[in-house]
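The values are calculated or read from the model by the stated rules, or taken from the named source; none is laboratory data. None of the values given here were measured: they were computed from a predicted structure. Methodologically, a virtual Cβ is constructed for each residue, glycine included, from the backbone with ideal geometry; neighbour enumeration extends over all protein chains shown.
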Amino acid sequence: MKMKRILLAAGLAAAFASGSARAAQLVNGGFEDGTLTGWSSYGNVSVSSGSGAGGGSFAALLTAGLGTGVYTMLSQTVTLAAGETVNGIARWIGNDYLPYNDNGFVRVLALSNLQSYSLFNADIATWGNYGSSPWVSFSFAAPTAGIYTLYAGVANSVDNVLDSGLKVDFGTTLAPVPEPEIASLAFLGLGAVGLAARRRRGRRD
């Protein structure tokens, strides 16, 4: 009976360890179904084909125009393990000129402490009048396990006549390599139990 309890405890520890390597809950990060499924949007947000990472993939296209300083927005809230990484690319599309310094960004907000992490920033001043950026890669590794909101925005500045834009494409969310300590201890425990059982049988023989 005691042997069965030890084996059961070791098995539960191993199962818990393997279950900790779950994937993050990012939905439709690459917009490959041609829709905004899984995302919340505000303003003029659509899916643009053939313009994301890898040439033939998709990207979300955010277009300003809601008003001066009013952001067209795209967001999704995800659960991340510590060290889990969200990758992506963004491209600025400037359709205005200075002093009308339209701007766009991609950020992550940690809901536990409301800390914001900047992943991409662009504006007319950076890329020039009517200037656009190349695709720029970004990456975010969660410092702690928790709930995070990925969000992007673009807005007109000073006036609301010429609308700049932002394209964004999120890659696959990568799970970190699970720490082996619990699983290793569980299997070591099973091995020790097996050796002890062998010794007992040997003594009886």
Of all the residues that make up the stretch 31-63, how many are modelled with pLDDT of 90 or more and either within 17 Å of G171 (Cβ to Cβ) or part of a loop (DSSP other than H, G, I, E, B) (or both)?
11
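Say whether the condition of being at pLDDT 95 or above and surrounded by fewer than 18 Cβ atoms within 10 Å (Cβ to Cβ) is met by at least one residue in the stretch 90-97.
Applying the first criterion (at pLDDT 95 or above) to the stretch 90-97 yields 90-97.
Now drop any that are not surrounded by fewer than 18 Cβ atoms within 10 Å (Cβ to Cβ), which leaves 97.
Yes, the stretch 90-97 has at least one match.
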